[in-house]
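Data block below; observations after.
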Amino acid sequence: MLNALAPVGVQGVNDASPDGYMDWSFDYAYDVVLSANQVLIGANPVPIFSEADFCFRNLVFTSTGLFGLRLQDGQGYYLQSGFVYSTNYPNNPGDPWPWLPEVVYPASGRIWIDIEDLSGAPNTIQLKFGGANRSRV
């Protein structure tokens, strides 16, 4: 069985990019500071660069308190039925939460994020969306 998060070269198999495309590792970061019990719905989306589509494959975070998270795909559909508590995601960079199957965000698109503080105190959060940029060759 292959590790879905490991680079292809480490696994000794050929590149799994679709025909006519090339994938290369890339991450997007989302930083936010929430006040106590603050809820942000679709505020401050993460913009995707115009050079390539982004294939979202894993999530890791750091925070100073508990929070709830809900994401949308590139077409605006929610990826979860409601807010998922941060305790359900690992926050160890060596063990990111795999997002399978990958979610493809189009070039110049946005990662829309709904986030809420559950700690009752100011909360500094960084989300790292790991994956790959995909472009035509």
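Where a number appears in this text, it was derived from the coordinates with a stated rule and is not lab data. Just so we're clear, the structure is a prediction, and the values are computed from it rather than from any experiment. FYI the Cβ positions are ideal-geometry reconstructions off the backbone, even for glycines, and counts take in every protein chain you see.
So here's what we get for this one:
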item: Identity of the residue in the stretch 47-62, more than 13 Å from F129 (Cα to Cα) and surrounded by fewer than 19 Cβ atoms within 10 Å (Cβ to Cβ), that ends up nearest to the chain's Cα centre (by Cα); result: F49
item: Residue match in the stretch 75-91 (condition: hydrophobic (A, V, I, L, M, F, W, C), without any contact (Cβ under 8 Å) to a residue 60 or more places away in the chain, farther than 15 Å from Q126 by Cα and part of a loop (DSSP other than H, G, I, E, B)); result: yes
item: Restricting the stretch 92-123 to residues that are surrounded by fewer than 19 Cβ atoms within 10 Å (Cβ to Cβ) and of a type in the set (S, T, Y), the residue that is farthest from L79 (Cα to Cα); result: S119
item: Scope the stretch 17-46; condition loosely packed, with under 11 Cβ neighbours inside 10 Å and within 18 Å of G76 (Cα to Cα); matching residues; result: I41
item: Condition check for E116: within 22 Å of L5 (Cβ to Cβ), of a type in the set (D, E, K, R) and in contact with a Lys or Arg (Cβ under 9 Å, 6 or more places away or on another chain); result: no
